[in-house]
Amino acid sequence: MSKNCEQCNNPFEDNTKSGYEQKYCSTTCRYKAANIRRENKIKLETINSINEKQETTNSTNLGTNSNIPYSNLLQNETRYNFPLQPQNERMDNYKTIELLEKNFETKGQLNYAELRIEYLTKELEEYKKKNTMLEFELDSLEDEDDSENDSMGKIGDVVQNLITQFKSDPINTISFAKELIGSFLSPQTKQTV
């Protein structure tokens, strides 16, 4: 027998042989319908509890004597500066439910923001660690550059001295430079004692 699903309104074949007849085309639709029924039940219970609270507060405000004339109630309204609401003008219960849903939504957003902040602080700490390591590496590289510049400066001083000596005594300076360069280029042998 072909029927329409009560949740999604799609046609389906009812395959039940006995027991209750099938109302939904799948378990997904059945669960969706159950969730909607639960939500409606909670909303209805909330509305009823709010109405009961309002009735109890109104009855305690008015007292137990129900023979009070309406004109006296109006005097009480002006006397205490709060409006007495008739039954049909009470707070809209659906607005209360909307406020509860909005509150739930904002709590979810707050939780998400707190998790995001926690994640970002961890990430910031990692970047700080990387930054300190890079600064240390940069300092060590600068120290190496300074030591290389010092050695290059010493070689530059030697070359400058050779040039000034060449101006005064070119023959001895050339022989000294040959010996110096030869000692750098020749293989060094270990001397045994």
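The values are calculated or read from the model by the stated rules, or taken from the named source; none is laboratory data. Treat the numbers as computed from the prediction; the structure is a model and nothing was measured. Cβ sites come from the backbone with ideal geometry, for glycine too, and all protein chains shown count toward neighbours.
Limited to the stretch 7-35, what total is found for residues that are in a loop (DSSP other than H, G, I, E, B), surrounded by 13 or more Cβ atoms within 10 Å (Cβ to Cβ) and under 44 Å from the mean Cα position of the chain (by Cα)? Spell out how you get there, then give the answer.
Narrowing the stretch 7-35 to residues in a loop (DSSP other than H, G, I, E, B): 7-10, 14-26.
Subset that is surrounded by 13 or more Cβ atoms within 10 Å (Cβ to Cβ): 7-8, 22-26.
Checking the rest, the ones that are also under 44 Å from the mean Cα position of the chain (by Cα) come to 7-8, 23-26.
Summing the residues that are in a loop (DSSP other than H, G, I, E, B), surrounded by 13 or more Cβ atoms within 10 Å (Cβ to Cβ) and under 44 Å from the mean Cα position of the chain (by Cα) in the stretch 7-35 gives 6.
For Leu162, state whether it is more than 32 Å from the chain's Cα centre (by Cα) and modelled with pLDDT of 85 or more. Even if it seems obvious, please write down each step before you answer.
Numbers: more than 32 Å from the chain's Cα centre (by Cα): yes; modelled with pLDDT of 85 or more: no.
No.
Could you check, for the stretch 21-29, whether at least one of its residues is modelled with pLDDT of 85 or more and among the β-branched types (Val, Ile, Thr)?
Scanning the stretch 21-29 turns up at least one residue that is modelled with pLDDT of 85 or more and among the β-branched types (Val, Ile, Thr).
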